[in-house]
Amino acid sequence: MAIIGTAWAGGTYVPISLKYPEQRIIELLGMLDLDVLIVDRAGAKLLSDKVRAHCPRLVLVPGEHPGEFVANAAPVAGDEPEGPVTPKMLDAGHLAYIEFTSGTTGTPKGVMVSNGAVASYIEAMRGWYDFGPEDRAAETCDITFDLSVHNMLMTWQAGASLHIMRPLDLVAPARFINKHKITTWLSVPSLVALSKQTSELAPGSLPSLRISLFCGEALPVEVARDWAAAAPNSIVDNIYGPTEATIACLRQPWSEGGVVTRSRDVVAIGAPYPGMMTMIVDAENNPLPDGVPGEVALGGAQLAEGYFGQAELTAERFPMIDGERWYLTGDRGYRDEDGVFHHLGRLDNQVKINGHRVELEEIDTGMRFAANAGMACAVAWPVAHGSAMGVVGFCAGTTMDGADIRQRLRDRLPPHMVPSEVRIMETLPVNGNGKVDRKALFALLEEENAKTEIAS
């Protein structure tokens, strides 16, 4: 309701994660200079004396009745509207929201997205998918992840119902889908891997679904096949795009004869949305020919305005190329001879191991195949003087042991890419967006190493 109210009033909404530590919340509040802070009951518990000292004058907290918010202090003249409140009409350049994503420097980046960019996304999606009042959508992520923008706005503009998933529901999504007769679905593929681990994803087990979309990370072919079999009445599409290009801006249908990125065994990311452009560039931002890997660059109507309060970073990541404004994604990919784009992983997940250049996503793919696992993640470790000395693998949802997986990997990967150890876990850690958290696994290894050194 806070987001609807903000949009109705002509404001810009900025979701702040409940998982942020106190100091991070204080830093954001100081940076943003908000007009009003709206909190739910969980958010209200984070309003310590230190945090309150940095809050805007007006803070709205939950009232006695569902959907009611009240000022947590006596209202000041001008806080209360006079007469009926009507929605404000705004131009395309007005900021719809600012989403903070993690930054490589440790400081979150506030991505500023305009009304026009959101409208372009919605218009493209409505051209492919007939969302209607009878639809029942599932909210699979937190509002600090921009997939939530799709779930909210596509539902609201169609007059459909949105069903919020709790953390426990995310562990067994198939059960939630059937209980609420969900018809439209958008999530990261990792969420499906959890369903496979609990044996919920049987053929025909999700009959109510008619639209299934996956975004946020690479969609393994096995996951796409299993979901399509479980949801026989649903189309299954892979959509791709960073927050800086408003949710998603490339699309590859799977159920209509999907294209596969063979080197990764994942579904291709497809072709650009109407009003969007995609090209592959080298380190000097020169376009590369078909078949040659480089950095994925995006241009067009869905581009964000830049990063809040970070003009230099905005200029760096949103350069002008041949008179057009582009966004450099940091993703590696290529375009094939048919004009289909393929994703090859993050440029920052390309590491050197004993002199060999290695892409960690390629090892991820190998482990998923070797272990027949729903979730797999490779971590470059240990790291000394900025260079990786080896790789440790993690798998979840497999009946095999680590030694057998490593043996199978030797038939698939060169020796320097085979992990020195493969650990089997009940599940892999995921971040706030539901993606496998490679940094958390690296931290786990570092912590274990520190304890060993202390003990010795």
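Each value in this text was obtained by applying a stated rule to the coordinates, not by laboratory testing. In this text the structure is predicted, and so the values were computed from the model without any measurement. For neighbour counting, all protein chains shown are included, and Cβ atoms are generated from backbone atoms with ideal geometry for every residue, glycine included.
Close amide H pairs (under 5 Å, H built 1.01 Å from N) link H94 with N115, G116, residues at least 5 positions away or on another chain. Put simply, the amide H of V267, placed in the peptide plane, has neighbours under 5 Å in L219, V221, T261, leaving out anything fewer than 5 places away on its chain. Taking amide H as placed 1.01 Å from N in the peptide plane, the amide H of I38 sits under 5 Å from that of L60, each at least 5 places away or on another chain.
Can you tell me, using C-alpha contacts under 8 Å and at least 6 residues apart, the relative contact order of the stretch 106-348 as a whole percent?
Values: 512 pairs, mean separation 40.9, N = 243.
Value for the stretch 106-348: 17 percent.
Size descriptors for the stretch 106-348 (Cα atoms only): Rg and Dmax, in that order, 17.9, 52 Å. Computing FRET efficiency as 1/(1 + (r/R0)^6) for H65 and V260, where r is the C-beta to C-beta distance and R0 is 30 Å, gives about 0.05.
F442 to Q23: FRET efficiency via 1/(1 + (r/R0)^6), r the Cβ-Cβ distance, R0 22 Å, to the nearest 0.05? Kindly include the intermediate steps, with their values, before the conclusion.
Values: r = 22 Å, r/R0 = 1.02.
According to the calculation, E is roughly 0.45.
Scoring 8-21, 269-282 by mean Cβ neighbours within 10 Å over their residues and listing the highest first yields 269-282, 8-21. Alpha-carbon geometry of the stretch 1-89: the Rg and the Dmax are 13.4, 40 Å, given in that order.
So what is the diffusion coefficient of the stretch 206-348 in µm² per second by Stokes-Einstein at 20 °C and 1.002 mPa s, using a Kirkwood Rh over Cα pairs?
136
Per-residue Karplus couplings for the stretch 297-303, computed as 6.51 cos²θ - 1.76 cosθ + 1.60 with θ equal to phi - 60°, are listed in order as 10, 10, x, x, 5, 8, 5 Hz, Gly and Pro entered as x.
Each Cα pair under 8 Å and six or more residues apart adds its sequence gap; the mean of these over the residue count of the chain is a relative contact order of 10 percent. Over the stretch 347-456, all Cα pairs binned in 10 Å intervals from 0 give whole-percent P(r) values of 15, 47, 33, 5, listed from short to long. Based solely on its DSSP helices, what 222 nm [θ] is calculated for the chain when runs of n ≥ 4 H residues each add -39,500 (n - 2.57) and the sum is averaged over all residues, nearest 500 deg cm²/dmol? My calculation for the chain gives -8000 deg cm²/dmol from helical runs alone.
Using Cβ contacts closer than 10 Å as the measure, can you line up E139, E446 from fewest to most? So the ranking, lowest neighbour count to highest, is E446, E139. Its alpha carbons give the chain an Rg and a Dmax of 22.9, 73 Å.
Residues in the stretch 408-431, backbone N under 15 Å from the label point at D401 (7 Å along the Cα-to-beta-carbon vector): list them, ranges by number please. The answer is 408, 421-425. Listed by Cβ neighbour count within 10 Å, with the fewest neighbours leading, I405, I3 appear as I3, I405.
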